[in-house]
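Below you'll find the structure, written out as structure tokens, and then a few comments.
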Amino acid sequence: HVDTSPDLASLDYSHYREPNLMEPPISEADKTQQFYSLLTTSVDVIKHFAEKLPGFTDFCPEDQELLFQSASLELFVLRLSYRTRIDDTKMTFCNGIVLDKLQCQRSFGDWLSAILDFSRSLHSMEIDISAFACICALTLITGI
């Protein structure tokens, strides 16, 4: 898990924008592009996480792909929620890109509220990083 988490010393703030009420709304195409970009680059990182799990590559390639496809969205939300702090306005994605929560609201819509609610619940359990890595592994292996 640690090997596939963004390095705090080299986070990418190049797309980060402070909330600005005067900023013109972004187009639906831009919202979709931002969401797609964040999701696909994060999925690449999650795939790397899956391949590092002991025993995962022992499955036949078809089963690996089926497990990964079944769990990739859940792992995206789980890992994003673990890195998101409710008292912070920033969200850090698997690829190290940092965005303001309002920037994410534009792309994620109502889905962002559910992610933040889940993040709040996850952090209330005070799960350490080892247990969290096991939860991620179980999410992948039981993804069907």
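The values are calculated or read from the model by the stated rules, or taken from the named source; none is laboratory data. Treat the numbers as computed from the prediction; the structure is a model and nothing was measured. In this analysis, Cβ positions are derived from the backbone assuming ideal geometry, glycine residues included, and neighbour counts consider all displayed protein chains. All accessible areas refer to the heavy atoms of the entire protein, side chains included, with ligands and DNA or RNA removed. Shrake-Rupley method; radii C 1.70, N 1.55, O 1.52, S 1.80 Å.
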note = Whole-percent carbon and sulfur contribution to the accessible surface of the chain (1.4 Å, no ligands, DNA or RNA) stands at 58
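Taking R0 as 25 Å, what's the FRET efficiency between residue 8 and residue 125 from their Cβ-Cβ distance, rounded to 0.05?
On the way: r = 22 Å, r/R0 = 0.89.
After rounding to 0.05, the efficiency reads 0.65.
Counting only heavy atoms of protein chains, what accessible area per residue, in Å², does the chain have with a probe of 1.4 Å?
Per residue, the chain has 58 Å² of solvent-accessible surface.
Quick one: which of 9-19, 112-122, 39-49, 96-106 comes out on top by average Cβ neighbours within 10 Å, and what's the full order, highest first? Show your work: numbers first, answer last.
On the way: 9-19: 10.9, 112-122: 15.0, 39-49: 16.5, 96-106: 18.5.
Output ranking for 9-19, 112-122, 39-49, 96-106: 96-106, 39-49, 112-122, 9-19.
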inquiry  = Rounding to the nearest 10 and keeping the result within 0 to 90°, find how far the Cα-based axis of helix 129-141 lies from the longest principal axis of the chain.
reply    = 70
query = Excluding same-chain residues fewer than 8 positions from residue 101, which lysines have a Cα within less than 23 Å of its Cα?
reply = 31, 90
note = Taking Cα atoms, the helix 28-52 axis meets the longest principal axis of the chain at an angle in degrees (rounded to 10) of 30
key: Listed peptides 56-62, 88-94 by packing density, highest first (mean Cβ within 10 Å)   = 88-94, 56-62
note = Label model pair residue 113, residue 18: point-to-point distance (7 angstrom along the Cα→beta-carbon line) in nm is 2.8
inquiry  = Helix-only mean residue ellipticity at 222 nm, the chain, DSSP H runs n ≥ 4 weighted -39,500 (n - 2.57), per residue, nearest 500. What is it?
reply    = -19000 deg cm²/dmol
Structure-derived Cα extents along the principal axes in Å - corresponding label in (1) 45, 40, 23; (2) 37, 35, 26; (3) 53, 34, 29 = (3)
key: Positive-pole candidate from 114, 46, 131, dipole of the chain, charges at beta carbon   = 114
